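Enquirer: Structure incoming, see below.
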Amino acid sequence: MSEDRSSSGQKTWLGKITQAFTHEPKNRQELLQLLREAHQNKLLDSEALAIVEGAIQVADLQVRDIMVPRSQMISIKACQSPREFLPAILDSAHSRYPVIGENLDDVIGILLAKDLLPLVLQDPQAEMDIKNLLRPATFVPESKRLNVLLREFRANHNHMAVVIDEYGGVAGLVTIEDVLEQIVGEIEDEHDIEEDSYIKPLPSGDFLIKALTPVERFNEFFDSAFSDDEFDTIGGLVMSSFGHLPKRNEVTELGSYRFRVLSADSRRIHLLRLTPESR
């Protein structure tokens, strides 16, 4: 009896393997469907499925889809002294900053925050030419696909690129972290939203919102008037607005707020980015 069961099990697995090779997915949609079936059959967990989906779908995105727009860029003027630009660096807590000449279209290099460490050992009143600390800036078009950009970032060991529009002007910024977040989801660090917090303001004027944020707390923070009769959390309201379980980077609007999904799995939303509509 046990031999029969063993033989039957082997045939079943052999059949599955044979079927996998005889019915190979013919397009990306079929491949995604195959992966989702693997998840339903518990061969792939939710996090692994989300990462694979992100890796496949990143080829459909262009730099313009994820870049920090020009209006939200935090830049440093080449003519500024450390006393003038250090407050902005401390406030934003980024690791890299574009340095500009006459205006935002005149990016002359990239300043790494770590390159400012020697200033700690110098006389604060001493003159310093910030141009001596700059790294070369990398420029990419808005239309560049993210999978190509990621490959170039890895090959050139760059972490930031200045995005150029069709007229040669600066359209925004993109970092390797921005690209990786499309694959693995929002990357949190010590400056991201606290575990016991629901809402985190960003230097750009946007907000990181946990989907589990109670509607009542959201209303208190933003002085809004969303009803909590049907849904207790802001994630529930957002999902209701979509009418389906959204995927990463899907966008919807509720009242005067624009919500973009930063992290979600096959069951629920985890993290949102809120942009006030007035901006």
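Enquirer: Within 10 Å of each candidate Cβ there may be at most 16 other Cβ atoms; applying that plus a DSSP loop requirement, which GluC sites (Glu not before Pro) in the stretch 68-159 survive?
Expert: Glu102, Glu127, Glu142
Enquirer: Order these peptides, 176-182, 86-92, 160-166, by their mean beta-carbon neighbour count within 10 angstrom, highest first. Before the final figure, lay out each step's value.
Expert: On the way: 176-182: 17.4, 86-92: 12.9, 160-166: 19.9.
The densest-packed peptide leads the list: 160-166, 176-182, 86-92.
Enquirer: Tell me, what ³J(HN,Hα) does each residue in the stretch 210-223 have, in order and in whole Hz, if you take phi through Karplus 6.51 cos²θ - 1.76 cosθ + 1.60 with θ = phi - 60° and put x for Gly and Pro?
Expert: Using θ = phi - 60°, the values come out as 6, 4, 7, 4, x, 4, 4, 5, 4, 4, 5, 5, 9, 6 Hz.
Enquirer: Any chance you could run the full-extension gain for Asp91 through Ser46? It's 0.36 nm times the residue separation minus the Cα-Cα distance, nm to one decimal. Show your work: numbers first, answer last.
Expert: On the way: separation 45, 0.36 × 45 = 16.20 nm, distance 3.55 nm.
Contour length minus Cα-Cα distance gives 12.7 nm.
Enquirer: Another question about this same structure. Which one of Leu173, Ile100, Ile89 has its Cα pushed farthest toward the positive end of the charge dipole of the stretch 63-184, where Lys and Arg give +1 and Asp and Glu give -1 at the Cβ?
Expert: Leu173
Enquirer: Stick to the Cα atoms of the stretch 199-276, pair each with every other, and give me the Kirkwood hydrodynamic radius in Å at one decimal. Provide the component values of the computation, followed by the final result.
Expert: Numbers: mean 1/r = 0.0812 Å⁻¹.
Kirkwood hydrodynamic radius for the stretch 199-276: 12.3 Å.
Enquirer: Please give the charge dipole size of the stretch 199-276, origin at the Cα centre, charges +1 on K and R Cβ atoms and -1 on D and E Cβ atoms. Round to the nearest 20 debye.
Expert: Working: 10 positive and 11 negative charges, 109 e Å.
Here the size comes out at about 520 debye.
Enquirer: For the pair Gln29/Asn132, report the inter-label distance in nm, with labels modelled 7 Å from Cα in the Cβ direction.
Expert: If labels sit at Gln29 and Asn132, their model points lie 6.1 nm apart.
Enquirer: Which of Lys114/Lys210; Lys144/Lys210; Lys210/Lys247; Lys114/Lys200 have a Cα-Cα distance over 22 Å? Don't skip to the end; give the middle numbers.
Expert: Numbers: Lys114/Lys210 31 Å; Lys144/Lys210 31 Å; Lys210/Lys247 15 Å; Lys114/Lys200 25 Å.
Check vs 22 Å cut-off fails for Lys114/Lys210; Lys144/Lys210; Lys114/Lys200.
Enquirer: Any idea what the dipole of the stretch 63-184 comes to, in debye rounded to 20, about its Cα centre with Lys/Arg Cβ at +1 and Asp/Glu Cβ at -1?
Expert: Working: 12 positive and 17 negative charges, 74 e Å.
About 360 debye.
Enquirer: Once the Cβ-Cβ distance between Glu84 and Phe139 is put in as r, and R0 is 22 Å, what FRET efficiency do you end up with, to the nearest 0.05?
Expert: Working: r = 26 Å, r/R0 = 1.18.
Efficiency, rounded to the nearest 0.05: 0.25.
Bear in mind these aren't lab numbers, they're just calculated from the coordinates by the rules spelled out. Source: prediction; values computed, not measured. Glycine gets a Cβ as well: all are built from the backbone with ideal geometry, and neighbour counts include every protein chain shown.
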